[in-house]
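Okay, so here's the structure we're looking at.
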Amino acid sequence: MDFTVLAKGIALAGCGIGAGCALIAGIGPGIGEGRAVASALDAIGRQPECKGDVTSTMLLGCAIAETTGIYGFVTGLLLIFVAPNTFMGLLG
Amino acid sequence: MNIDITGARIFWETPIKLPVLGRLCISETLVVSWLVMLIITGLCIFLTRDLKVENISKRQALAEMIVETADNFVVGNMGEKFRYMIPFVSALFATSLVSNLISLVGLRSPTADLSTEAAWAVVVFIMITGQKIKANGVGGYLKGFTTPIVIMTPFNILSELATPISMACRHFGNILSGVVINALIYAALAVANRALFGLIPGAVGKFLGAVPFLDVGLPAILSVYFDWFTGVMQAFIFCMLTVMYIANAAQPDE
């Protein structure tokens, strides 16, 4: 019996499931950025005159907090577009 | 529904395989990068033609404003002694910004290719390391890896290497996500268009269904976020991090 087809199927399924799992990473930055914005709004509410400073610092912090989510996204993309071809090449 | 998400197209490849480097190729990234450089150079020449001391033109006022902003940004974040960093940071910002925004005219932005950001990150990494060695000496730099205790050395090395990787991946991921989501939106709108105009019976419906009317205008609204906001933001953040890391590296360890 030829197991190559089965192996390919398992490899593809693994890539798909892995990509889905990788994108769960989006939860963390979502919560974190939400909290950052909430705090920034608090600060602006207390001291409206420092709106500009708070906003630019908040955007920078948000973008840095987003990094982990972006890692998940890049991993997911690699699993969808790059990994299947590699596995198919390995399995012949 | 056929979605086409590919990497940068390769136009030409060296026929022979070089050792270590493999095949060198001229890809879309390379061509568009040169276009970006041409645009920036042209803009610089245009802005700095016939400068005057008095009675300045609007063009010169704009140029002065840009230079002043760059000056304030670098000096404000790094201090007076880093004045020589102003051209580097400005060049980095301009390249990143124009590369990100060139996707607005339909070209593939060079920053949607990890190689571009990786190259920038390597340059920044070398500058950071150089500043650290300058501040602490070679011995002090190597000794810095063993703080606070010797067991932490592998983690310190990892965290050192994580800096360029995270910088490159952050920029790359943000721009690429825009590219991918744009492709998905265009494909989805084409399908929606076919379904909508397919309701008209006969050849008219078929003809109208084949022309993606919905693709006009609607994606432009999303491109305000994915191209304009992310593009400008990421250029700013890359420069901000560069400036921060280098300024931090120049401070000697206690």
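The values are calculated or read from the model by the stated rules, or taken from the named source; none is laboratory data. Here the structure is a predicted model, which is why all the values come from computation and not from measurement. Because the Cβ atoms are built from the backbone with ideal geometry, glycine has one as well, and the counts that use them run over all protein chains shown. Accessible surface is based on the protein model in full, side chains and every heavy atom, while ligands, DNA and RNA are left aside. Shrake-Rupley method; radii C 1.70, N 1.55, O 1.52, S 1.80 Å.
Using only side-chain charges placed at the Cβ, +1 for Lys and Arg and -1 for Asp and Glu, the dipole size of chain A relative to its Cα centre rounds to 120 debye.
What is the Cα radius of gyration of the range A:22-87 over 2.2 N^0.38 Å, N being its residue count?
Numbers: Rg = 16.6 Å, N = 66, 2.2 N^0.38 = 10.8 Å.
Here the answer is 1.54, to two decimals.
Ratio of Rg to Rh for the protein assembly as shown: 1.02 [Cα atoms; Kirkwood radius as inverse mean 1/r over pairs]. Summarising the label geometry, the points placed 7 Å from Cα in the beta-carbon direction at A:Gln47 and A:Leu12 lie 5.9 nm from one another.
In this simple spin-label approximation, B:Lys143 and B:Ile39 carry label points 7 Å from Cα along the Cα→Cβ vector, and these lie 4.9 nm apart. Amide H contacts of B:Ser27: B:Phe11, each under 5 Å away and 5 or more positions distant or on a separate chain (H built 1.01 Å from N in the peptide plane; Pro and chain starts excluded).
Considering every pair of different Cα atoms, what Kirkwood radius, in Å, is found for the range B:1-112?
On the way: mean 1/r = 0.0582 Å⁻¹.
Its Kirkwood hydrodynamic radius stands at 17.2 Å.
For trypsin sites (Lys or Arg not before Pro), the sites in the range B:17-79 that DSSP calls loop and that have at most 15 other Cβ atoms within 10 Å are B:Lys17, B:Arg23, B:Arg49, B:Lys52. Scanning chain B for long hydrophobic helices, with DSSP H runs required to stretch 20 angstrom or more by C-alpha along their axis and to average at least 0.0 on the Kyte-Doolittle scale, returns B:28-47, B:58-78, B:86-101, B:114-143, B:153-197, B:230-249. The Cα center of the range B:218-232 and the Cα center of the range B:128-170 differ in position by 37 Å. When only the Cβ of Lys, Arg, Asp and Glu is charged (+1, +1, -1, -1), the dipole of the protein assembly as shown relative to its Cα centre reaches about 440 debye. Calculated FRET efficiency, A:Ile24 to A:Thr4, Cβ-Cβ distance, R0 = 35 Å: about 0.65 to the nearest 0.05.
Model label sites at B:Leu47 and B:Ala135, defined 7 Å from Cα along the beta-carbon direction, differ in position by 3.0 nm.
Would you count, across the protein assembly as shown, every pair of lysines whose alpha carbons are under 28 angstrom apart, provided the pair is eight or more residues apart or spans two chains? Working shown, then result.
Numbers: B:Lys81/B:Lys132; B:Lys81/B:Lys134; B:Lys81/B:Lys143; B:Lys132/B:Lys143; B:Lys134/B:Lys143.
For the protein assembly as shown, qualifying lysine pairs total 5.
If you average over every viewing direction, what projected area does the convex hull of the Cα atoms of chain B give, in nm²?
Numbers: hull surface 85.9 nm².
Mean projected area of the Cα convex hull: 21.5 nm².
Heavy atoms of chains B and A lose about 1200 Å² of accessible surface on contact, summed over both sides with a 1.4 Å probe.
For the range B:42-124, what's the relative contact order in percent, using C-alpha pairs closer than 8 Å and at least 6 residues apart? Walk me through the numbers on the way to the answer.
On the way: 32 pairs, mean separation 11.3, N = 83.
Rounded, it is 14 percent for the range B:42-124.
With the biggest extent put first, the Cα atoms of the range B:135-237 measure 80, 25, 16 Å across the principal axes.
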